[in-house]
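What follows is one structure encoded as structure tokens, with my remarks underneath.
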Amino acid sequence: MFTDVIEAAASVVTANFTTLLTALAAAKGVTLDPTITVYKRQNANLFAALKTTTLPGVGIYGLGAQTNARRQDLRDSSVLTVFDYFARGPDPAALLVQGELAAEVLLMCIDRLGGSAVGVYGAGEATLSVQVSIAPAVRAAGETYYEENVLVQFLVDERDTGLS
């Protein structure tokens, strides 16, 4: 269940994020670099700490799931999934706008997730079921750059078949 959801979400974000952010930034009159690197199964605390990391990045991972184990031929699950956007830059105001636009684009990616892969039949379907948290841009002591983090948490409805 987790593997299918993370792989589907990573495919959707990889295929759509840059194009969607480019269009949204142009519509809002904002100049930014729309490219990202997708980090499957890693949160921002992990991938941002690595010296080889390319930023901005989006970590995609599962936090938990609700499912059943009564049938071995078919299992429906709701997987709590996270898009964890992280960026660095010299201007905290510009970085905050970039994070806000990234949040909008990640919601657009959720809109495209349902039906994007075998077994994934819904994402963020319930009213107010997507939670978006934007942390203010911060600068660590002794650093010359600011950091921005956006978390988008949502449920992905998924069906595994042929498990036995």
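The numbers here are math on the coordinates, done by the rules we state, and not lab data. What you see is a predicted model; the values in this text were computed from it and never measured. Reconstructed Cβ throughout: ideal geometry from the backbone, glycine too, with neighbour counts over all protein chains shown.
Taking the Cβ of Ser116 as the centre, find all other residues whose Cβ is under 13 Å away and add up their charges (Lys, Arg: +1; Asp, Glu: -1). Present the calculation step by step, with values, prior to reporting the outcome.
Details: positive: Arg112; negative: Asp4, Glu7, Asp111, Asp157, Glu158.
That works out to -4.
Taking 25 °C and 0.890 mPa s as conditions, the chain diffuses translationally at an estimated 149 µm²/s according to Stokes-Einstein applied to its Kirkwood radius (Cα pairs). A Gaussian network model of the chain, with springs between Cα atoms under 10 Å, assigns the largest mean-square fluctuation among Ala93, Ala135, Ala69 to Ala69.
As an exercise, take the mean of 1/r over every pair of distinct alpha carbons in the range 1-98, invert it, and state the Kirkwood radius in angstroms. The partial results should precede the final answer.
Details: mean 1/r = 0.0659 Å⁻¹.
Across the range 1-98, the inverse of the average 1/r is 15.2 Å.
Remark: the range 2-161 carries a charge dipole of roughly 240 debye about the Cα centre, counting +1 on each Lys and Arg Cβ and -1 on each Asp and Glu Cβ.
Binning the C-alpha pair distances of the range 1-53 at 10 Å intervals from 0 yields a P(r) profile of 21, 39, 33, 7, 0 %, listed from the shortest bin outward. Only helical runs count toward this figure. For the chain, summing -39,500 (n - 2.57) over DSSP H runs of n ≥ 4 and dividing by all residues gives -11000 deg cm²/dmol at 222 nm.
If you run the Gaussian network model on the chain, springs between alpha carbon atoms under 10 Å, then out of Leu24, Leu63, Leu128 the most flexible one is Leu128.
From the alpha carbon centroid of the range 27-94 to that of the range 111-132 is 15 Å.
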